[in-house]
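Shown next, in structure tokens, is the structure this report addresses.
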Amino acid sequence: MPRPRAGSLTELRRRHLTEGAAVPSGLLKQLEGDPRAGAQQLLAALLRKQADNRAEGQRLRHMLKFETGLWAEGHRHVAGVDEAGMAPLAGPVCAGAAILPHGYKLKGLDDSKKILNEATRETLAEAIKRDALAWAVGWAEVPEIDTLNIYHAGLLAMRRAVEGLALKPDYVLVDARTIPGIEAPQRGIIKGDAQSLSIAAGAILAKTTRDRLMNELDRRHPGYGFASHKGYPTPVHLAAIERLGVLDFHRRSFAPVRRALGLGSQQTELF
């Protein structure tokens, strides 16, 4: 087999490394026999990519272990559910629910807290919405948080997400708790967004949806920094509350907001 031409090495790099096309049978062996530095560099890069792809495949298979067992037991529609926005001082809690196709593996899908790039999270969210058998988000608004407490408001948002699914789930996997008021059997998994691909999908949907809302609030209320801290009690946010005041969507049951309103620092129970 003739070795690749000098110009074609650039084309091979573009096709198989940049665009991710499958490496044809025989190309690696062909490159092994090519003594040119460019060919050896391309070979090394392709081998690294193959190793990375194998490792990612193994990670994704491991994150489907709960779903795979449930599918084998006859549960066709397994939903994963998680929430975002429990700790912030402002804004509602959002929950996401997703029913993934059997054997579904989305490269890069992981615990949303490990995915630091907002654009990457948005890309994953769009893929989940496109590929999922069903997906939905649910909210618990600020007055509900202040009335129920944040823990029970989070459960309410998750129940609403499950109830919003276009397909009725046969089983529900939840991050670290169980959801009152849903009919399907369920299982709470500690650190579920790092253990279950379905829960991770729900978490990505919840976080990206809530982040978009906080970005909109930032445009409507400049000076608070909502687009950067998303309502969390950062020093910038706390200073903005002291300087600019408390807004309608600040959680009045949270101690820093209560202090800013002169209501004392006692915070409502979490459980």
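Of all the residues in segment 67-97, those that are surrounded by 24 or more Cβ atoms within 10 Å (Cβ to Cβ) and free of Cβ contacts under 8 Å to residues at least 40 places away in the same chain number 0. For segment 128-151, taking the residues that are part of a helix (DSSP H, G or I) and surrounded by fewer than 17 Cβ atoms within 10 Å (Cβ to Cβ), the one that is nearest to the chain's Cα centre (by Cα) is identified as K129. Report whether or not I241 is over 24 Å from R61 (Cβ atoms) and of a type in the set (A, V, I, L, M, F, W, C). So I241 fits the description; yes. Looking only at residues in segment 223-246 that are under 20 Å from K113 (Cα atoms) and of a type in the set (F, W, Y), the one that is farthest from the chain's Cα centre (by Cα) is F226. Number of residues in segment 184-230 that are charged (D, E, K, R), out of contact with any Pro (no Cβ under 8 Å at 6 or more places or on another chain) and modelled with pLDDT of 95 or more: the value is 8. Just checking, which of A134, A84 is under 25 Å from P185 (Cβ atoms) and touching a His at 6+ places or on another chain (Cβ under 8 Å)? Answer to the selection: A134.
The values are calculated or read from the model by the stated rules, or taken from the named source; none is laboratory data. Only a predicted model underlies this, so the values are computations on that prediction, with no experimental measurement involved. Ideal geometry is used to build each Cβ from the backbone, glycine not excepted, and the neighbour counts take in all protein chains shown.
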